[in-house]
Amino acid sequence: MKNIFLSTVFKIDVTFHAIAGSVLAFMMVITLLDIIMRNLGSPIVGTVEIISFCGSVVIGFAIPYTSWKKAHVYVDFLIEKLSPASKKSMAVITRCMGILLFAFIGYNFIIYGLDLIRTKEVSPSFKLPYYPIPFGLSLSCFLQCLTLIADLVKTIHPGGDR
Amino acid sequence: MNEVMVGLIGLAVLLGLFLTGIELSFCMTLVGFIGFAYLNSFSSAANLVVKDFFDTFTSYGYTVIPLFVLMGQIASNSDIAKRLYMAAHKWVGHVPGGLAMTTIAGATIFKAMCGSTLATVATFSGIAIPEMERYGYDKRLSAGVVASVGTIGMLIPPSIVLIIYGIIVEQSIGRLFLAGIVPGLIISLFFMCIAYAWVTIKPAMAPRAEKEPWHERWRVLPDFIWVAIIFIVVIGGLMTGKFSPTEAGTIGTIAVLILAAVKRQAGFKMLVKSWDESLRTAVMTLLLIAGSVVLGHFLAITEIPFIAADWTTGLPLPRWLIMVLIIIVYLIGGSFIDDLAFMILATPIFYPAVLKLGYDPIWFGIMIGITIMIGVLIPPVAICVFIVKNITGIPFNIIYKGVLPFLLSLIACAMLLFLFPEIATFLPDLLMGK
């Protein structure tokens, strides 16, 4: 059960990470095309908007896998000095704080997205609606919660996971 | 309880949370949110967090970060660094301490493509240290030089530190890049002089390598020229306003990708690795920024940054001494937390004071860059030393003995820049106007 949960979260994290990577490549292509077209006298209108939208996907979707890989910055010199039991308790507390934080942010992104639908806010040039971004980021925040839960599971029941 | 007291308690809680091992970006967001909710309302704090995250992630300005990081990762994961090292080896390998100087020259040129300090230290630990060992170099010199040269990237463009600083304080990234060039080259020169002097005083530290014939040296010259072209296009484009920083990052990344492909080093595995590492670094950085924005909004309503600015500038001390104290705070803070994270956290607090004291923000950015360079070499969080230790297995005490002379030269350079700010500011003033 534990392994199924962990491997499912990992696979979703990797998928989101791959989407983020693909969008980063797309961002580069669009920017390059815009530079070329601009020098030919006909720039792509709204490139800044497209890049900004893409940027949110790149960063938002790569958050869970970054957490899975423990690539965030944290201070560990005091934690390292604790006994294994204290270290474990501290990890459980900090994971729970992270889960609550991202669940809260994810929920509020949904509310923000619904607000954007109601106010029909769109980008100035392309008239692209803004609301998919908060919904996408919300999805990523909930996946981040699952990733932190997976980390919590690994902390409480270490070993045995493939 | 008044706002200032709430702000101070918030900062104390933040420091306490840092020690629990929670991710710094998470606790900055948490403290910012709770503090804002306490002083305003729960719903406005919830709106603030979501809006700040949304604005940070959709900011066009911040899209530059994953692009320049990717550029560096591709350069690092392909054999470009190794080729540069071997090319520099052929040119200066035969002089006293030549391989150490080769490492410094190679890393300095490599930094023109790779903004990541850690990637440079890791890359050169794998290339330069075994080569120096092969020639019988003393481990203090080989490990010390490799741990130190990675820091040069904090100043040589495209520096990620300067990009983030520029975005936080809303200064021109092109101007900051130009300001970093001369101090970066001076530090590189200082490092070379130290290696030369060390080996001249103690010749047993580094036996000489054989001299390469001139035709061999000319043969490897294109390796330098390609990097120079990429550097000139990226920095020149930024400086002349032809590219935005995001466009410069894209052009640089594509150019490095083409260079790697031409050298047949752009394999699928290398690309996946580069993409993966750059995304993780970019996410780590942007979550830190998003967290600091939330925290910054909380601190703004407590008015702590403005009170700190008034208090600092009102101290009965000469302004240079106040600046020294600010730099020492960065140094101490960065020694306990991650240096980049501390810069993101502290800059919005100290920046108003720096402006009020009448210092040039571009110069301050370069001073912060050098301070971080020193910070990544001193304990307890001497990340560059940790990497060399992890990759080579050389004990800490030997690496630290090797780092010490280079560290002293960094401090000397910081003092020089402090006394003569024009070292940093004259180039941007000359090429981009005052």
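In summary, helices (runs of 4 or more DSSP H) completely within the range B:5-121 and bearing 1 or more residues that are within 11 Å of chain A (Cβ to nearest Cβ) and under 24 Å from A:ASN108 (Cβ atoms) occur at B:24-39, B:42-57. The criterion of at least 1 residues that are within 14 Å of chain A (Cβ to nearest Cβ) and under 19 Å from the mean Cα position of the chain (by Cα) is met by the following helices (runs of 4 or more DSSP H) wholly inside the range B:357-431: B:361-375, B:383-392.
The rows are residues; the columns are (1) closer than 24 Å to B:MET367 by Cβ; (2) polar (S, T, N, Q).
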| position | (1), (2) |
| --- | --- |
| B:LEU271 | no, no |
| B:LEU286 | no, no |
| B:ALA290 | no, no |
| B:VAL293 | yes, no |
| B:ARG319 | yes, no |
| B:LEU325 | yes, no |
| B:SER335 | yes, yes |
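Taking the stated definitions as given, is B:THR240 within 25 Å of B:ASP429 (Cα to Cα), crowded, with 22+ Cβ neighbours inside 10 Å and polar (S, T, N, Q)? Answer is no for this residue. Exactly one residue out of A:VAL153, A:VAL122 is at pLDDT below 95, open to solvent by less than 50 Å² (accessible area, probe 1.4 Å) and not aromatic (Phe, Trp, Tyr), and it is A:VAL153. Checked against (1) touching a Ser or Thr at 6+ places or on another chain (Cβ under 8 Å); (2) open to solvent by 50 Å² or more (accessible area, probe 1.4 Å); (3) polar (S, T, N, Q), B:THR392 passes all but condition (2).
Comparison of B:LEU39, B:LEU84, B:LEU14 shows that the only residue that is assigned by TED's automatic domain parsing to the domain that holds B:VAL262 and touching a residue at least 24 places away in the same chain (Cβ under 8 Å) is B:LEU84.
Scanning the range B:57-89 for residues that are surrounded by fewer than 23 Cβ atoms within 10 Å (Cβ to Cβ) and either hydroxyl-bearing (Ser, Thr, Tyr) or under 22 Å from A:ILE133 (Cα atoms) (or both) returns B:SER59, B:TYR60, B:GLY61. Residues in the range A:34-48 that are facing another protein chain (nearest Cβ under 10 Å) and either of a type outside the set (Asp, Glu) or more than 22 Å from B:GLY237 (Cβ to Cβ) (or both): A:ILE35, A:ARG38, A:ASN39, A:THR47, A:VAL48.
Per-residue answers, yes or no, for (1) over 28 Å from B:PRO379 (Cα atoms); (2) without any contact (Cβ under 8 Å) to a residue 24 or more places away in the chain; (3) touching a Cys at 6+ places or on another chain (Cβ under 7 Å):
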position: A:VAL75; (1), (2), (3): no, yes, no
position: A:GLU80; (1), (2), (3): no, yes, no
position: A:ILE111; (1), (2), (3): yes, yes, no
position: A:LEU137; (1), (2), (3): yes, no, no
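Taking the criterion of being at pLDDT 85 or above and either in contact with a Phe, Trp or Tyr (Cβ under 6 Å, 6 or more places away or on another chain) or of a type outside the set (A, V, I, L, M, F, W, C) (or both), the only residue of the range B:376-395 that qualifies is B:PRO395. For B:ILE326, indicate whether it is assigned to a helix (DSSP H, G or I), over 18 Å from B:GLY166 (Cα atoms) and either at pLDDT 90 or above or among the small types (Gly, Ala, Ser) (or both). Against the criterion (assigned to a helix (DSSP H, G or I), over 18 Å from B:GLY166 (Cα atoms) and either at pLDDT 90 or above or among the small types (Gly, Ala, Ser) (or both)), B:ILE326 qualifies. Scanning the range A:1-20 for residues that are small (Gly, Ala, Ser) and surrounded by fewer than 14 Cβ atoms within 10 Å (Cβ to Cβ) yields a single hit, A:SER7.
Could you say whether any residue in the range A:90-109 is modelled with pLDDT under 90 and basic (Lys, Arg)? The answer is no; no qualifying residue exists.
Mind checking whether some residue in the range B:333-354 is free of Cβ contacts under 8 Å to residues at least 12 places away in the same chain and open to solvent by 50 Å² or more (accessible area, probe 1.4 Å)? Scanning the range B:333-354 turns up no residue that is free of Cβ contacts under 8 Å to residues at least 12 places away in the same chain and open to solvent by 50 Å² or more (accessible area, probe 1.4 Å). Note on the range B:279-300: residues that are within 8 Å of chain A (Cβ to nearest Cβ) and open to solvent by less than 10 Å² (accessible area, probe 1.4 Å) total 6. Being open to solvent by less than 20 Å² (accessible area, probe 1.4 Å), outside any loop (DSSP other than H, G, I, E, B) and more than 7 Å from every other protein chain (Cβ to nearest Cβ) holds for only one residue in A:LEU101, A:LEU139, A:LEU116, and it is A:LEU116. Going through (1) open to solvent by less than 30 Å² (accessible area, probe 1.4 Å); (2) within 18 Å of B:LYS111 (Cα to Cα); (3) facing chain A (nearest Cβ under 9 Å) one by one, B:VAL256 falls short only on (3). Could you grab me the full set of residues in the range A:50-84 that are modelled with pLDDT under 90, more than 7 Å from chain B (Cβ to nearest Cβ) and assigned to a helix (DSSP H, G or I)? Scanning the range A:50-84 gives A:GLU80, A:LYS81, A:PRO84. Within the range B:112-139, residues that are more than 30 Å from B:GLY174 (Cβ to Cβ) and aliphatic (A, V, I, L, M) have Cβ atoms under 7 Å from residues that are open to solvent by 10 Å² or more (accessible area, probe 1.4 Å) and assigned to a helix (DSSP H, G or I) in these pairs: B:ILE127/B:LYS82; B:ILE129/B:THR392, counting only partners at least 6 apart in sequence or on another chain. Screening B:ASP360 on (1) buried (at least 19 other Cβ atoms within 10 Å of the Cβ); (2) charged (D, E, K, R); (3) farther than 28 Å from B:GLY314 by Cβ shows it passes everything except condition (3). If the condition is being of a type in the set (Gly, Ala, Ser) and open to solvent by 20 Å² or more (accessible area, probe 1.4 Å), then the range B:415-434 contributes only B:GLY433. For the range B:105-115, the criterion of being of a type outside the set (A, V, I, L, M) and open to solvent by 20 Å² or more (accessible area, probe 1.4 Å) is met by none of the residues.
The values are calculated or read from the model by the stated rules, or taken from the named source; none is laboratory data. Being a predicted model, the structure only gives us computed values, none of them experimental. Cβ: placed from backbone, ideal geometry, glycine included. Neighbour counts: every protein chain shown. Just so you know, the surface numbers come from the protein's heavy atoms only, side chains and all, with ligands and any DNA or RNA stripped out. Shrake-Rupley method; radii C 1.70, N 1.55, O 1.52, S 1.80 Å.
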